[in-house]
1. Could you order peptides 57-68, 1-12 by the average number of other Cβ atoms within 10 Å of their residues, highest first?
2. Pull out a ≥ b ≥ c, the square roots of the eigenvalues of the alpha-carbon gyration tensor of region 26-93, then state rounded if a/c is under 1.5, prolate if not and a/b is larger than b/c, and oblate in the remaining case.
3. May I ask which of LYS2/LYS89; LYS7/LYS89; LYS14/LYS71 have a Cα-Cα span longer than 31 Å here?
4. Report the relative contact order of the chain, percent, no decimals, based on alpha-carbon pairs under 8 angstrom and at least 6 residues apart.
5. Any idea what angle helix 9-20 forms with the longest principal axis of the chain, computed on alpha-carbon atoms, 0 to 90 degrees, nearest 10?
6. Can you list the residues, at least 5 places off or on another chain, whose amide H is less than 5 Å from the amide H of GLY69, using H built in the peptide plane?
Amino acid sequence: MKKFISKCEEDTLKIGKDFASNLLGGEIITLEGDLGAGKTVFTKGVALGLKIEDIVTSPTFTIMNMYLGEKLNLYHFDMYRLNDESELKRIRF
Ligand SMILES: Nc1ncnc2c1ncn2[C@@H]1O[C@H](COP(=O)(O)OP(=O)(O)OP(=O)(O)O)[C@@H](O)[C@H]1O
Ligand SMILES: [Mg+2]
């Protein structure tokens, strides 16, 4: 397992951006961490790497944010907010 240490927001953005360069499409990436741990910052980096220009925000209220990229699309979910998988149907996923 590879380990990356981030000392600031910019490090996490870069880690996310580099990570995105290895994506082929169809991957499910799970992010675990407390509030403010940097999950959304990492996702912003992934979006940068996918050449997505939209502003990436936390899907706290929307449950899912979708971003269309040049080659790959990015679907960012806040699974923590779901009680069970049937709730995904409500957002038509
Ligand atoms: N090394 C770091 N990597 C990422 N963010 C950092 C780092 N150090 C400090 N920060 C700050 O911590 C915050 C991380 O916020 P972020 O929204 O990414 O957290 P989150 O894990 O998505 O939280 P939530 O569960 O509330 O959505 C930002 O304000 C960022 O500037
Ligand atoms: Mg977040």
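All of the numbers you see were taken from the coordinates with simple rules; none came from a lab. Model, not experiment: these values are computed from the prediction. Ideal geometry is used to build each Cβ from the backbone, glycine not excepted, and the neighbour counts take in all protein chains shown.
1. By packing density, highest mean first, the sequence is 57-68, 1-12.
2. Values: a/c = 1.96, a/b = 1.30, b/c = 1.50.
Since a/c reaches 1.5 but b/c is at least a/b, the shape of region 26-93 is classed as oblate.
3. Numbers: LYS2/LYS89 35 Å; LYS7/LYS89 38 Å; LYS14/LYS71 19 Å.
Pairs exceeding the cut-off: LYS2/LYS89; LYS7/LYS89.
4. On the way: 98 pairs, mean separation 21.1, N = 93.
Answer for the chain is 23 percent.
5. Its long axis makes an angle of about 80 degrees.
6. Sorted by chain and number, the residues that satisfy this are LEU74.
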